[in-house]
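Worksheet for the structure shown next.
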Amino acid sequence: MLPGMFVSGSRDGNIMLWDTRSKTRSAASVSPSVFISDPHNPSPGRSKLASVSKWQESGIKRQGLPLNGDYYNSVTCTLFERNNIVISAGASDGFIKLWDIRNINSTCLESFPYTGTSQQQHGYSSLVLDSTQTRLFASCTDDVVYVYNCTNFNKEPMCFFQGHMNSTFYVRSALSPDDRFLLSGSSDSKAYIWDINAPHAPPFTLTGHTKEVTSVTW
C-alpha cells in the first residue's frame, strides 16, 4: 500500500479511502478523499465509484447490526492488494471485488462471484492475501474458505478449505508467515489449521475456548 493511505468499509454500505497527505487535513483529522458508494448492495447496478465532492450524507445510520437494508449492503472486508488496488467483500451479495482507486469514475476492476453450492445469500468475514499477493483466501459464511488467483482472475476458486463453522462476520483467518498454513477461527468454539498444499486433508483442530473463536494470528 501507499504510505499514509488507509481504507475502511462500513455498515453504512460505503468504502472510503483516507490519505493523510491531503492538503485539506486538520491537525487531528482528515476527510476521505475517495469513496465507493454501495459496492456490495445485493440489488444489481447500484454500485459506483465517486469522489467525495459528489457525495452528500443522507443521514445517520442506526448503530449496531440492524435487521433492515443497512445490514444487507454492509461492507465486511477491505484489503490493499497493490498500491492502487483495493479488494472488498460484503455481507450478502456474494461478490469479492477489486477496485482501481486511480480511476474513480469506473465500476470495479474485477470481481469473483459466489461459486458455492448454497442457495442462500452469503457474504465474507475475512480476506487474506499470501506474501506474493497472488492468492486471495476468502472466508465465506457458508463455512468454506475459498482461494482465488489474483494473477489471472479466474472466476473459479483454485481450491477451498472446509471443516470449520462460520456463522458470523466476526470469524477471521490468517496465513502463516511462510504461506504454508491457514488458520481460522470458528463459530463452534474451536480454531482450525489447514496445510495449504493439502486442501482436501482434514484440518488440525485447536480446542479450549467455550465460545465462538473470532480473532486469530501467527
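The values are calculated or read from the model by the stated rules, or taken from the named source; none is laboratory data. Predicted, not measured: the structure shown is a model, and the values here were computed from it. As a convention, Cβ positions derive from the backbone with ideal geometry for all residues, glycine included, and neighbour counts pool all protein chains shown. All accessible areas refer to the heavy atoms of the entire protein, side chains included, with ligands and DNA or RNA removed. Shrake-Rupley method; radii C 1.70, N 1.55, O 1.52, S 1.80 Å.
Structural remarks
- Unmet criterion (only one of (1) surrounded by 15 or more Cβ atoms within 10 Å (Cβ to Cβ); (2) part of a strand (DSSP E or B); (3) modelled with pLDDT of 85 or more; (4) touching a Phe, Trp or Tyr at 6+ places or on another chain (Cβ under 9 Å)) for residue 78: (4)
- Complete set of residues in region 148-162 that are open to solvent by less than 50 Å² (accessible area, probe 1.4 Å) and either closer than 15 Å to residue 124 by Cβ or assigned to a loop (DSSP other than H, G, I, E, B) (or both): 148, 150, 153, 157, 161
- Against the criterion of being of a type in the set (A, V, I, L, M, F, W, C), more than 19 Å from the chain's Cα centre (by Cα) and closer than 16 Å to residue 144 by Cβ, residue 194 qualifies.
- Of all residue pairs spaced 6 or more apart or on separate chains, those with beta-carbon atoms under 8 Å, a first member in region 124-150 that is closer than 18 Å to residue 7 by Cα and modelled with pLDDT under 95 and a second member that is open to solvent by less than 10 Å² (accessible area, probe 1.4 Å) and outside any strand (DSSP E or B) are 133/150.
- Sub-9 Å Cβ pairs linking a first residue in region 154-165 that is free of Cβ contacts under 8 Å to residues at least 24 places away in the same chain to a second residue that is among the hydroxyl-bearing types (Ser, Thr, Tyr) and assigned to a loop (DSSP other than H, G, I, E, B), at least 6 apart or interchain, are 165/187, ordered by first then second residue.
- Against the numbered list (1) over 24 Å from residue 14 (Cα atoms); (2) among the hydrophobic types (A, V, I, L, M, F, W, C); (3) free of Cβ contacts under 8 Å to residues at least 40 places away in the same chain, residue 109 comes up short only at (1).
- All positions within region 167-218 that are assigned to a strand (DSSP E or B) and either open to solvent by 30 Å² or more (accessible area, probe 1.4 Å) or not aliphatic (A, V, I, L, M) (or both): 173, 181, 184, 186, 192, 193, 194, 195, 204, 205, 206
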